[in-house]
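The values are calculated or read from the model by the stated rules, or taken from the named source; none is laboratory data. Predicted, not measured: the structure shown is a model, and the values here were computed from it. Virtual Cβ from ideal backbone geometry, glycine too; neighbours counted across all protein chains shown. Remember, those area values only see protein heavy atoms, side chains included, never the ligands or the DNA or RNA. Shrake-Rupley method; radii C 1.70, N 1.55, O 1.52, S 1.80 Å.
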Amino acid sequence: WVPDGYKDIPADRLAPRRRLMEALDEVFAEELDPKHNLDAVESKLFGLGAEAYTVGSHEFYMGYGIKNDKLICLDAGHFHPTEVISNKLSSLSLFTSGILLHVSRPVRWDSDHVVVLDDELLDIGRELVRNELLDTTHIGLDFFDASINRVAAWVIGTRNTIKALLRAMLEPAEALKQAELEGDYTTRLALAEEFKSYPFGAVWDYYCGQSGVPVREEWLAEVKSYEKSVLPGRGDSAHVVHQS
């Protein structure tokens, strides 16, 4: 993290960004084998004490990443409340060799919440599947919620992300694209709405069964058992009272 920016309006917005660019050039001067390491840069809207100006803005890091062939990381919680990363994926894919996603659930800009199956997660899944971006996109999840069991947080977020991708894969995307290409927006809207009530749950249950993992909420019993049998023995607890 770069603690960059100002609480109030700066007099010079350019010089700090030039210094950051030069510093990043030094960091990346040593080439690393992409087979073992992929470099990425990530923007943030603001930080504590830097509400008015953040040096490493989205435009800065998008420009730096494209120019220097670095992955650009899109964090679902690093943009304005009405701004979503799903709408950025198609544009970014045209100019980069890959994308890194930090999928989280933003609550008033704080991105460190367990991933839930909300509209934005579903849209991220659709964009990745419809545009065939899965092979070039690296998906990272957020589950830094100190108020619940950390294993449960991981499982909930992971299963929800897979659900979003599976739902997208079940959609007849080509039919929607064809209707759109023909200017038949009535059919596009009608089909998109009908698909929302298709029996996705049955497919998900079958997929879990075939994968040898608990179906539906059965996994929670295993987590509860883990809490009682494993965590106490290593001096840990199911919950933590703070997070770093």
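Quick look at the numbers
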read-out	value
Longest site-free stretch - the chain; sites: trypsin sites (Lys or Arg not before Pro), DSSP loop, at most 11 other Cβ within 10 Å	109-195
Computed label-point distance, nm, for sites Asp112 and Arg19 using a 7 Å Cα→Cβ extension	2.6 nm
Relative contact order computed over region 1-105 (Cα-Cα under 8 Å; 6+ residues apart), in percent	28 percent
Accessible surface of region 1-92, 1.4 Å probe, proportion on carbon and sulfur as whole %	54 percent
Percent of C-alpha pairs per 5 Å bin, the chain, short to long	1, 5, 10, 13, 15, 15, 14, 11, 8, 6, 2, 0, 0
Loop GluC sites (Glu not before Pro), region 104-203 (other Cβ atoms within 10 Å of the site Cβ: 12 or fewer; DSSP)	Glu132, Glu182
Region 26-71 versus region 184-230: alpha-carbon centroid distance in Å	35 Å
Links that overshoot a 25 Å alpha carbon limit, given the list Lys44/Lys88; Lys44/Lys67; Lys35/Lys163; Lys44/Lys196	Lys35/Lys163; Lys44/Lys196
Relative contact order (%) - criterion: Cα under 8 Å, at least six apart; region: the chain	13 percent
Gain in span if fully extended, Tyr185 to Glu31, counting 0.36 nm per residue against the direct Cα distance	50.6 nm
Most mobile listed residue (Asp205, Asp145, Asp33) in the chain, GNM with C-alpha springs under 10 Å	Asp33
The chain - charge dipole about Cα centre, Lys and Arg +1 at Cβ, Asp and Glu -1, debye rounded to 20	420 debye
Å² of accessible area per residue within the chain, as computed with a 1.4 Å probe and no ligands counted	62 Å²
Relative contact order of region 95-164, defined on C-alpha pairs under 8 angstrom at six or more residues apart (%)	42 percent
Mean residue ellipticity (222 nm) of the chain, computed from DSSP H runs ≥ 4 via -39,500 (n - 2.57), nearest 500	-13500 deg cm²/dmol
Per residue, the convex hull volume that the Cα atoms of region 11-70 enclose (Å³)	91 Å³
With at most 11 neighbouring Cβ atoms within 10 Å, loop chymotrypsin sites (Phe, Trp or Tyr not before Pro) (DSSP) excluded, longest segment of the chain	96-244
Span-rule helices in the chain, defined as complete DSSP H runs reaching 24 Å or more along the axis (Cα) with Kyte mean at least -1.0	150-170
Accessible surface of region 114-244, 1.4 Å probe, proportion on carbon and sulfur as whole %	57 percent
Cβ-defined net charge surrounding Lys177, 14 Å radius [Lys, Arg +1; Asp, Glu -1]	-4
Sparsely packed GluC sites (Glu not before Pro) within region 1-59, loop by DSSP, other Cβ within 10 Å at most 15	Glu30, Glu31, Glu51
